[in-house]
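Single-structure report; data block below.
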Amino acid sequence: MSVAVLSIGSNVGDRLAHLRSVVEAAGARLSAASGVYETAPWGGIEQQPFLNAVLLVTDNDRGANQWLRFAHDRERQAQRTRDVRWGPRTLDVDIVAAYDAAGEPIVSDDPDLTLPHPRAHERAFVLAPWLEVDPHARLPHGVVAELLDELVASGDPQQQVARTELELR
């Protein structure tokens, strides 16, 4: 694999520190980091707002499953618990998409890792920061910029995102 798109989010504890821990762990593999967005919680569970960002990470020696291990390791270090689906979390690290060395999208229907992420096109908190680091990003459902415009225009409060002044580095 060459590039992975990681969506990171937190709404428990020191939200920014949790996001920064992923940036630090990525180290030299980090090729781009979006700004930090504050977003409404998704999924209908009453909880605090999230901080979200997207990272582009590059490592020709890592495959999709190694990026999944990286994501789970970061969540474990942040003491993430999975008590309630779409519930509060110290840290959430999702692999949204991945591309091989030729820039072709990697598709996976593995039970542990579906690529591209099956609900990314429904989530402004993923699309807005992704668009910032990759203005030409696409999903099977369409161009990320157009998908984001549709979500924001829907007026759904869960799809409203606001870029903050916070920085990941």
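The values are calculated or read from the model by the stated rules, or taken from the named source; none is laboratory data. What you see is a predicted model; the values in this text were computed from it and never measured. Ideal geometry is used to build each Cβ from the backbone, glycine not excepted, and the neighbour counts take in all protein chains shown.
For (1) without any contact (Cβ under 8 Å) to a residue 24 or more places away in the chain; (2) in contact with a strand residue (DSSP E or B) (Cβ under 7 Å, 6 or more places away or on another chain); (3) surrounded by 21 or more Cβ atoms within 10 Å (Cβ to Cβ), each residue gets a yes or a no:
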site	(1), (2), (3)
Gly9	no, yes, yes
Glu24	yes, no, no
Pro49	no, yes, no
Asp61	yes, no, no
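If the requirement is being out of contact with any strand residue (DSSP E or B) (no Cβ under 9 Å at 6 or more places or on another chain) and either closer than 21 Å to Ala26 by Cα or free of Cβ contacts under 8 Å to residues at least 60 places away in the same chain (or both), which of these qualifies: Arg74, Arg119, Arg138? Answer to the selection: Arg119. One residue stands out among those in the range 26-47 that are of a type in the set (Gly, Ala, Ser) and in a loop (DSSP other than H, G, I, E, B): the one that is nearest to the chain's Cα centre (by Cα), which is Ser34.
Within the range 112-134, restricting attention to residues that are touching a helix residue (DSSP H, G or I) at 6+ places or on another chain (Cβ under 7 Å) and not in a helix (DSSP H, G or I), the residue that is surrounded by the fewest Cβ atoms within 10 Å (Cβ to Cβ) is Asp112.
Pairing each residue of the range 141-163 that is part of a helix (DSSP H, G or I) and at pLDDT below 90 with any residue that is loosely packed, with under 13 Cβ neighbours inside 10 Å and not hydroxyl-bearing (Ser, Thr, Tyr), provided the two are 6+ apart or on different chains, yields C-beta distances under 9 Å for Gln158/Gly43; Gln158/Gly44; Gln159/Ala153.
Every test in (1) touching a residue at least 40 places away in the same chain (Cβ under 8 Å); (2) in contact with a Ser or Thr (Cβ under 9 Å, 6 or more places away or on another chain); (3) of a type in the set (S, T, N, Q) is passed by Gln79 save one, and that test is (1).
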